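Read the structure below first, then the notes.
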Amino acid sequence: MFLEQHGPDTYVGVSPEYMWGRIYGGQVIAQGLWAAFQTVDERFVPHSVHAYFIRGGTLDEPVRYEVDRL
């Protein structure tokens, strides 16, 4: 899993090409969690993650993660 930092709270991730032609949802969750983890003190660890996918992701473009600090 690789994320490239594109600003203080912005990351871009790419997906390998899967045989089903879409981004794997588990990878989107993992990359999003990793992006968020990069913006907090290391003492804070995730307890759980919940997500809904309303449509399939395309392999044509990288995924951009913008983290909102609380």
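Pull up region 6-57, narrow it to residues that are charged (D, E, K, R) and under 18 Å from residue 68 (Cα atoms), then point me to the one that is nearest to the chain's Cα centre (by Cα).
9
For region 17-42: of the residues being assigned to a loop (DSSP other than H, G, I, E, B) and among the aliphatic types (A, V, I, L, M), which is farthest from residue 53 (Cα to Cα)?
Checking each candidate, the answer is 40.
I'd like to check something: does region 49-64 contain any residue that is assigned to a strand (DSSP E or B) and within 17 Å of residue 3 (Cβ to Cβ)? It would help to see each step written out before you state the result.
Step one: filter region 49-64 for residues assigned to a strand (DSSP E or B), giving 63-64.
Pick out the ones that are also within 17 Å of residue 3 (Cβ to Cβ) and you get 63-64.
Among the residues of region 49-64, at least one is assigned to a strand (DSSP E or B) and within 17 Å of residue 3 (Cβ to Cβ), which makes the answer yes.
Out of the residues in region 5-28 that are surrounded by 13 or more Cβ atoms within 10 Å (Cβ to Cβ) and among the aliphatic types (A, V, I, L, M), which is modelled with the lowest pLDDT?
Checked region 5-28; the qualifying residue modelled with the lowest pLDDT is 14.
Would you tally the residues in region 47-70 being surrounded by 10 or more Cβ atoms within 10 Å (Cβ to Cβ) and not aliphatic (A, V, I, L, M)?
Of the residues in that region, 9 qualify.
Among the residues of region 29-44, which ones are loosely packed, with under 10 Cβ neighbours inside 10 Å and either of a type in the set (Phe, Trp, Tyr) or at pLDDT 90 or above (or both)?
Those that are loosely packed, with under 10 Cβ neighbours inside 10 Å and either of a type in the set (Phe, Trp, Tyr) or at pLDDT 90 or above (or both): 41, 43.
Any residue in region 1-22 that's of a type in the set (A, V, I, L, M): show its pairings with residues that are assigned to a loop (DSSP other than H, G, I, E, B) at Cβ separation under 8 Å, as long as the two are six or more apart or on different chains.
Pairs found: 3/38; 12/6; 12/62; 14/2; 14/62.
The values are calculated or read from the model by the stated rules, or taken from the named source; none is laboratory data. Please read these numbers as outputs of a predicted model, since none were measured by experiment. Because the Cβ atoms are built from the backbone with ideal geometry, glycine has one as well, and the counts that use them run over all protein chains shown.
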